Amino acid sequence: MDKSDQITTRDHNQRLVLQALFNAKETSRAQLAVDLNLHKSTISSIYRDLDELQFIEDLGEGTTTETGGRKAKMIRFNRQYGYVISFDMGRHHLRMAVVRLSGEVMFQALDNVDGMSVAEVIVLMKGHIKNHKDRSHGTKEGLMGVAVGIHGVVDENKVVYSPFFDYADVDVVSELNQVTTVPVILENEANAAAVYIRDYHDYFSRDKYDSLIALNIHYGIGAGIIIKGQLYHGMQGRAGEVGRSIVKMSANGPIRVEDLYSEDAMLERLAILTGQQVINRDVFVNFAKQQSSVVTRLLDDWVIGIAQVTYNIIQTAAPQVIFIHSRFIAEMPELLGRVVLAYQKMNPTSESEILFANRSVYQATLLGGAAIVTRKVLDLNNLDLKFKH
């Protein structure tokens, strides 16, 4: 084996050890050797290097072995190694979270950005970064990366299209690089939500899904797609734009799925039907709680529409599971059962599951973005990682 091959093998093994440390609640050098099928001397050498870099947290001695041998020193990935900042750049709100590399949220903030331009929202983002970048928050390395969830199409770390903000003359990465030198990664918000489900395993099933879709029904409608454990972007990052699917043509042009069933569309439809101003989701939900016949009919249509969207996605991609992310369902939980029932009538033999991860509705994009950046800074992009809440 020549020297370059030795270096490649060494780097590969080191990544495997770091992955195992990251995923373990606790482990030991001996256990790593067994789990990874590596020689103890290889593990010891890699351990010394990672320990010197402070990637390893010492948890103390484990229990005595069955044969009465020496207690092993228990270790895991150092959860105080560093942190990332993640943004969800929504139409009405800018969400922000400071997240340890291991996944735990340390701090969150929410800004109202209704009516703001991209430039004004970026000023807010810069302010958050400045406020945290020189603070370690108890970690060794401090800030190591920034993620931005975009409600639109992202390709090669640039915004290609968004129905909510005009990014034409704005380079988000360059703007944020004015206040930080750490990596800045942009990702479509539904894609980030899909990564969140994959990496945080936010579901009750014991099964591990490596083929899943996150259907995000918020201001627009988009789908994040995981195939064989990997995020699928499609050509120019345009995969998953299901909200732009055409339902029918009208004299004014195409009518798309998100023109009918996104949150914004539902608020607008209710306002037209009632002649009253429906300024936000809370007003819509209050109408529903009053059992208004207008809202009841509107929600009946929404249930059938979302069931049809789900049916079409499953017929196209055949995932193991679709996770529906909808704040309507979070606040009116009975809607999920109705969607599932409507879908089952359309496709009674389907084996694809339809689930709702309530815990992640408001955090999926934030935490998925944090996971994406963490993988980048640790050079663990294509390995299976288990992040913690």
Axial C-alpha extent at least 15 Å, average Kyte-Doolittle at least -0.5 - helices from the chain (DSSP)
118-133, 189-200, 263-274, 293-317, 334-346, 364-378
What FRET efficiency do you get for Asn286 and Ser117 if R0 is 51 Å and r is their Cβ-Cβ distance, rounded to the nearest 0.05?
0.95
What is the distance, in nm, between label points placed 7 Å from the Cα along the Cα-to-Cβ direction at Leu110 and at Lys73?
4.5 nm
Mean separation of Cα contacts under 8 Å, 6 or more apart, over the residue count of the chain: relative contact order %:
17 percent
Enumerate the aspartates and glutamates that Lys133 could reach by cross-link, defined here as Cα to Cα under 15 Å, with residues fewer than 8 away along the same chain left out.
Glu141
For region 113-198, shape from the Cα gyration tensor axes a ≥ b ≥ c, cut at a/c of 1.5 then a/b versus b/c, turns out oblate
Of the cross-linked pairs Lys25/Lys158; Lys126/Lys376; Lys130/Lys208; Lys345/Lys386; Lys130/Lys228; Lys140/Lys386, which ones have a Cα-Cα span greater than 29 Å in the structure shown?
Lys25/Lys158; Lys130/Lys208; Lys345/Lys386; Lys130/Lys228
Fewest-first ordering of Asp199, Asp51, Asp207 by Cβ atoms within 10 Å yields Asp207, Asp51, Asp199
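Only the coordinates and a few stated rules stand behind these numbers; no lab work does. From a predicted model like this one, the values you see are computed outputs, not experimental measurements. Cβ: placed from backbone, ideal geometry, glycine included. Neighbour counts: every protein chain shown.
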